[in-house]
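Engineer: Have a look at this one.
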Amino acid sequence: MPPVPSPTVRTRFAPSPTGFMHLGSARTALFNWLAARHAGGEMLLRIEDTDAERSQPEVIDMILGTLEWLGIDWDGEVVYQSQRAADHGAAVDSLFADGKAYWCACSRDDVDLRHKERGGKPGYDGFCRDRGLAAGADRVVRFRSPADGDTVIDDVIRGEVRFANADIEDFVIRRSNGSAMFITANAVDDIFMGITHIVRGEDLLPATPKIVLLRESLHAVDRPTFAHLPLIVNEKRQKLSKRRDDVALESYRDRGFLPEAMVNYLATLGWGPPDGVEVRPIAEIIGLFELSSVTKSSAFFDVKKLESFNGDHIRNLSAADFVSRTLPFVRTALLPVGADPASFDPAAFEAMAPLVQERVKRLDEAPDFVDFLYHDPAMDPDAWAKTMEKDADLARRMLDAAIDLLGALAVWEPVAINDAVIGFADANEISRKKAQGPIRVAITGRAVGPPLWEAMAVLGREVSLDRLGLARASVG
Ligand code: GLU
């Protein structure tokens, strides 16, 4: 692959396919994409799969699928780092030719032992630097780091970051098996791909001076702009971790977070629009986004706030879109395991959908709003105790009145049902809220839920009266 000329902004997302898509990776992908799209530039996708043991092909599919779900697209073909070994090898050869690399025969144990003996800074001590060793089967290649001066990084978020070269050990650039080290492949690929802006997590900052040194030694003409994105932390201000926190993006998708809400929320992790309006479509965020206004301080991942964004985006869907996106959640929750999805009749859900859309923060909450339309209510014991036992007199009165009045209604629709029940409550000085309680529990099995009269209208007269009768008999 020959080096390509760069547009003004060319970024890349460079995941290592070693696990699911982490929230932090998704935010990195998004900020790369926003920076490119804002500037009318390009974002490339490079899969850093040189670590063959840890790279799993099915994970690559998952990464691509998650990016597509989020609406993050990339320019050109996906670049697979593992297929670029020839360029990585040529780069190591050219470093040799320029006296910037040397063979090293030290094992890890040798390096550690010498450190133990001498004390001070850990790491490689330059033992083989001037030994003039030849190539050998168990030898690695190291980069000859400059002994003096500083390596300076232009970081659009952090400003100028300086590293003393004396602190940068002669790092390995080629393994003893002949393959390039990750850092070599990473630096070489960015040069070849003409990347102008290297946007990645702050955790990678310590490795950046090595990348800058490699670039300079490989005579890369352009200096890229770096942007090291702030850490994402949990409510205890700890770095989000796989073990502790729910960080797999797929799990948010599976719980009914909309991709619109997810990208919108991820965009606020370290960045905010100048007008302070956080919930908005991604097209507007592209217009407003600036890498230079990303903050240095850690970003708090607040799932409550994400849910609130999600609720807002749910409210913005058209009614038909809400139904089609929510239906899979409702179907899976309400059909028996193994049942044919086509056997699910969506009519009752569709009838209630606009009321559900106003109330949920996640699509997976929808089944609880409509399950009583599909089967007998699963009685919540607390709700039963509170409405049917604590004030059994009121429960009896309201259930009797409802059975009586609703059985006689000329039309079965929400206003008529409401007028009958509420009319009775008002006439008997029973609070409207209390009057509804026993009826709601009888119909839905729960103390809270969707608007009751609408629910009963969808359920139908016969089933509604059956349930009221059954509850009345149980109250005794
Ligand atoms: N492949 C690295 C990772 O997934 C990212 C390296 C980079 O962005 O430069 O952590």
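Engineer: Return yes or no: is G270 surrounded by 14 or more Cβ atoms within 10 Å (Cβ to Cβ) and assigned to a loop (DSSP other than H, G, I, E, B)?
Structural biologist: Considered against the rule, which asks whether it is surrounded by 14 or more Cβ atoms within 10 Å (Cβ to Cβ) and assigned to a loop (DSSP other than H, G, I, E, B), G270 comes out as yes.
Engineer: Return the pairs, sorted by first residue and then second, in which the second residue is open to solvent by less than 20 Å² (accessible area, probe 1.4 Å) and assigned to a loop (DSSP other than H, G, I, E, B), the first residue lies in region 7-24 and is more than 10 Å from the ligand (Cβ to nearest atom), the beta carbons are less than 6 Å apart, and the residues are 6+ apart or on different chains.
Structural biologist: These pairs meet every condition: P7/G41; T8/G41; V9/G41; R10/G41; R10/G194; R10/I195; L23/V247.
Here's the yes/no breakdown for (1) closer than 18 Å to V370 by Cβ; (2) buried (at least 19 other Cβ atoms within 10 Å of the Cβ); (3) at pLDDT below 95:
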| residue | (1), (2), (3) |
| --- | --- |
| A392 | no, no, no |
| A402 | no, yes, no |
| I422 | no, no, no |
| Q436 | no, yes, no |
| T444 | yes, yes, no |
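Engineer: Restricting attention to region 163-198, which residues are assigned to a strand (DSSP E or B) and touching a His at 6+ places or on another chain (Cβ under 8 Å)? Steps first, please.
Structural biologist: First pass over region 163-198, keeping only residues assigned to a strand (DSSP E or B): 163-164, 172-174, 180, 197-198.
Residue satisfying the conditions is A180 alone.
Engineer: Suppose the filter is more than 24 Å from L306 (Cα to Cα) and out of contact with any Pro (no Cβ under 7 Å at 6 or more places or on another chain); does A408 pass it? Write out each step before concluding.
Structural biologist: Numbers: more than 24 Å from L306 (Cα to Cα): yes; out of contact with any Pro (no Cβ under 7 Å at 6 or more places or on another chain): yes.
Yes.
Engineer: Check region 237-245 and report whether any residue there is open to solvent by 10 Å² or more (accessible area, probe 1.4 Å) and at pLDDT 95 or above. Outline the logic, then answer.
Structural biologist: Keep residues of region 237-245 that are open to solvent by 10 Å² or more (accessible area, probe 1.4 Å), which gives 237-245.
Then keep just the ones that are at pLDDT 95 or above; that gives none.
No; the residues of region 237-245 include none that is open to solvent by 10 Å² or more (accessible area, probe 1.4 Å) and at pLDDT 95 or above.
Engineer: Considering each of S318, S297 in turn, give the residue that is surrounded by fewer than 12 Cβ atoms within 10 Å (Cβ to Cβ) and within 30 Å of H375 (Cβ to Cβ). Talk me through it step by step, then tell me what you get.
Structural biologist: On the way: S297 fails: within 30 Å of H375 (Cβ to Cβ).
Only one candidate qualifies: S318.
Engineer: Still on this structure: Against the condition under 28 Å from D61 (Cα atoms), within 15 Å of the ligand (Cβ to nearest atom) and open to solvent by 20 Å² or more (accessible area, probe 1.4 Å), how does L249 come out, does it pass? Full working, then the answer.
Structural biologist: Details: under 28 Å from D61 (Cα atoms): yes; within 15 Å of the ligand (Cβ to nearest atom): yes; open to solvent by 20 Å² or more (accessible area, probe 1.4 Å): no.
No: the conditions fail for L249.
Engineer: So V415 ticks every box in (1) of a type outside the set (D, E); (2) in contact (Cβ under 8 Å) with a residue 12 or more places away in the chain; (3) in a helix (DSSP H, G or I); (4) surrounded by 13 or more Cβ atoms within 10 Å (Cβ to Cβ) but one. Which box is left unticked?
Structural biologist: (4)
Engineer: Would you call L205 out of contact with any helix residue (DSSP H, G or I) (no Cβ under 9 Å at 6 or more places or on another chain) and within 16 Å of the ligand (Cβ to nearest atom)?
Structural biologist: The answer is yes for L205.
Okay, residues lined up against (1) among the acidic types (D, E); (2) in contact (Cβ under 8 Å) with a residue 60 or more places away in the chain; (3) out of contact with any helix residue (DSSP H, G or I) (no Cβ under 8 Å at 6 or more places or on another chain):
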residue: D125; (1), (2), (3): yes, no, no
residue: P146; (1), (2), (3): no, yes, no
residue: T151; (1), (2), (3): no, yes, no
residue: D154; (1), (2), (3): yes, yes, yes
residue: D167; (1), (2), (3): yes, no, yes
residue: G178; (1), (2), (3): no, yes, no
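Each row is one residue, and each column tells you yes or no for (1) in contact with an Asp or Glu (Cβ under 7 Å, 6 or more places away or on another chain); (2) under 29 Å from P367 (Cβ atoms).
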position	(1), (2)
P414	yes, yes
I417	no, yes
A425	no, no
I430	no, no
G437	no, yes
A442	no, yes
G445	yes, yes
P451	no, yes
A455	no, yes
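Engineer: Can you tell me which residues in region 182-192 are more than 10 Å from the ligand (Cβ to nearest atom) and surrounded by 22 or more Cβ atoms within 10 Å (Cβ to Cβ)?
Structural biologist: Across region 182-192, the qualifying residues are T184, V188.
Engineer: Condition check: touching a helix residue (DSSP H, G or I) at 6+ places or on another chain (Cβ under 7 Å) and more than 14 Å from the ligand (Cβ to nearest atom). Does L34 satisfy that?
Structural biologist: Values: touching a helix residue (DSSP H, G or I) at 6+ places or on another chain (Cβ under 7 Å): yes; more than 14 Å from the ligand (Cβ to nearest atom): yes.
Answer is yes for this residue.
The values are calculated or read from the model by the stated rules, or taken from the named source; none is laboratory data. This is a predicted model, so every value here is computed, not measured. Heads up, the Cβs are rebuilt from the backbone with ideal geometry, glycines too, and the neighbour counts pull from every protein chain shown. The protein model used for the area step is the full one, side chains on, heavy atoms only, and it has no ligands, DNA or RNA in it. Shrake-Rupley method; radii C 1.70, N 1.55, O 1.52, S 1.80 Å.
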